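The values are calculated or read from the model by the stated rules, or taken from the named source; none is laboratory data. In this text, all values refer to a predicted model and were calculated from it rather than measured experimentally. Cβ placement follows ideal geometry from the backbone for every residue including glycine, while neighbour counts extend to all protein chains displayed. Just so you know, the surface numbers come from the protein's heavy atoms only, side chains and all, with ligands and any DNA or RNA stripped out. Shrake-Rupley method; radii C 1.70, N 1.55, O 1.52, S 1.80 Å.
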Amino acid sequence: MDTSPGTFADLGLRDELLQALTHLGYEEPTPIQRESIPPLVEGRDLLGQAATGTGKTAAFALPLLQRMPAGRDATEPAALILVPTRELAMQVSEAIHKYGKALGTRVLPVYGGQPIRSQLRALQRGVDVVVATPGRAVDHLKRGTLRLGSIEVVVLDEADEMLDMGFAEDIESILTDAPEGRQTVLFSATMPPRIASIANRHLRDAVRIELGGEDIAPGDGPLVRQTAYIVPRGQKSSALGRVLDVEAPTAALVFCRTRDEVDSLSETLNGRGYRAEALHGGMSQEQRDRVMKKLRSGAAELLIATDVAARGLDVDQLTHVINFDVPAAPAAYVHRIGRVGRAGREGVAITLAEPREHRMLKQIERLTKQKIEIEKIPTVADLRARRLELTRAGLEESLLEDKLDAFRVVVETLAEEYDVMDVAAAAVKLAHELSGAAVDEEEIPDAPAVHDRPERASKSRNGGGDDRPRRGAQKHQSAGMTRLFIGAGRAAGIRPQDLVGAIANESSVPGRDIGAIEIADRFSLVEVPEPFADEVITALRASSIKGRRTNVRRERF
Ligand code: AMP
């Protein structure tokens, strides 16, 4: 894969799109974008192997916006993007809306669970891009409310996931109905034979793109302690704060994807009392020099940067590299963590990954041939212990320094009335409190990784297609695990992290031992290790999830 730097302008994108990307703070294309955009702009079909986190959405969205006439006013859509879940439909629509704002692109997400009537009205008013789950797309096709006659491009996003969810027939019928001369783009994290067979039948002379080819010889990877935390998006900055408190780095480089992320994270961290400085490609040389000076002198402890801004950066003091997001390609990870662990000193690399990005971590491990340990986010108790440890270390330093004469008299007078041990404990308490060691009391629940699923035979869709539990889609119970039925689901606002939080808080099952979670409209299914099943049932029945009592039992077959 080509990893040479280049700009979005080099890829031949129009000004409106370039401006949107600058506005969003994207500094340069990711490897998958660099490879995919030029052939897609030319109108070629494409088969791309890329996981979430690689920037694949922009890789297919920018070319389709490039090829669409600005201010298009036809009623029928010109592009159809199929995605496995409603969450993804919303995310992809939002991305297209942002990229295509200056072009006036009209985009509509279409998924099950939303009243079909509001979708109908929007379709009648006219749209350019429809982002749909396959089941709902077929429903609209049957009603004649979605017409494919003007379709110029069909994108299958996360194709392997769509097949796993039983959408094979729907995809087949949509691809068969779409006009012959259209462009077809297929992205998938894995390439099982069933994907290859769809590609063979429906793609023409496709460009093939694969991420991660380059290999690093064992031993050439940096010698760095590598860990990762799986954290839902909304909790990333609190998790980062917790990790920083426990690690207490002398100087850390925190990588973000975009300029905007750099700015907002620096602001958040400064607001929480860290000394953080931002570094991104939009800054002048003078500003950059000032920031670097602060880091070298110890006036700043955290440098928040994009890949572009950190290129060529060389700071001896760095003890930690933190990936606030999983980098867009495994090679970028290697470059990033190469900043620490130099000259025989110990370095630490920490990655915060969202549950869906688990696969990227595996790819990185394959490339570096080194293990990334998934760790549990430090708990409030861990943090307390660590803070006490810091106070203890401070006291020990003071003892070794032995400049205590002026204070002995205080101890002597107090010792006449109190036990010396109590006097010492009171002094420690005071020192601890004065060190400003306030602990943020809120526990951050661990999110379970979305693990690779075993390949299953295609299953035909049932009814509306979108009423089944969506996350995990693991219908076979895992070995040693028991599936519990919980009588609340999406309709009650239940999210995976609510269940993980409730189980981890109320029982002795750690968040990481919780297995697949599936959330349907009216219920949820959660896998827990069998030896803990009864304990979890009793604990959850006695407590509330999202403020309400719920029915909890073993799943009946
Ligand atoms: P995706 O793999 O498409 O889910 O994208 C992952 C994340 O990366 C999204 O939050 C995008 O907004 C962001 N992203 C995509 N391309 C770039 C880029 N070239 N520079 C910075 N961020 C990007």
Alpha carbon convex hull of the stretch 296-353, projected area averaged over orientations, nm² | 4.2 nm²
Quick one: check the C-alpha center-to-center distance for the stretch 474-525 versus the stretch 106-122, whole angstrom.
-> 29 Å
State, to one decimal in nm, how far the label point of Ser264 lies from the label point of Glu416, with both points 7 Å from Cα in the Cβ direction.
-> 6.3 nm
Using only Cα atoms, find the angle between the long axis of helix 236-247 and the longest principal axis of the chain, and express it within 0 to 90 degrees, rounded to the nearest 10.
-> 30 degrees
Accessible area of the chain divided out per residue, in Å², using a probe of 1.4 angstrom | 46 Å²
Spherically averaged projected area in nm², based on the convex hull that wraps the Cα atoms of the stretch 75-222 = 11.4 nm²
Mind checking the log10 I(q)/I(0) for the stretch 327-369 at q = 0.25 Å⁻¹? Debye, one equal scatterer per Cα, no solvent, two decimals.
-> -0.93
What distance in nm separates the simple spin-label points at His335 and Arg386, each placed 7 Å from Cα in the Cβ direction?
-> 2.9 nm
Computed log₁₀ I(q)/I(0) - Debye formula, equal Cα scatterers, no solvent, the stretch 381-434, q 0.16, 0.18, 0.25, 0.30 Å⁻¹ | -0.55, -0.68, -1.07, -1.21
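Arrange the residues Thr250, Thr145 by how much accessible surface each exposes, largest first, with a 1.4 angstrom probe.
Details: Thr250 100, Thr145 45 Å².
From most accessible down to least: Thr250, Thr145.
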Using θ = phi - 60° and the Karplus curve 6.51 cos²θ - 1.76 cosθ + 1.60, what whole-Hz ³J(HN,Hα) does each residue of the stretch 47-57 get, with Gly and Pro shown as x?
-> 10, x, 9, 7, 9, 4, x, 8, x, 5, 4
Can you give the accessible area of Thr7, probe radius 1.4 Å, in Å² rounded to 10?
-> 60 Å²
Taking the chain as the reference, fit the longest principal axis to its C-alpha atoms, fit the long axis of helix 259-271 to the helix C-alpha atoms, and give the angle between the two in degrees, 0 to 90, nearest 10.
-> 30 degrees
Hydrodynamic radius (Kirkwood) for the stretch 224-378, which is based on Cα pairs only, to one decimal in Å = 15.5 Å
Protection proxy ranking, peptides 408-414, 156-162, average beta carbon neighbours within 10 Å, highest first | 156-162, 408-414
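In whole Å and largest first, what semi-axes does the C-alpha gyration tensor of the chain yield when each eigenvalue is scaled by 5 and square-rooted? Could the numbers behind the result be given before it?
Numbers: eigenvalues 440, 195, 82 Å².
Output for the chain: semi-axes of 47, 31, 20 Å.
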How large is Rg over Rh for the stretch 1-151, taking Rg from the Cα atoms and Rh as the Kirkwood inverse mean of 1/r across Cα pairs?
-> 0.97
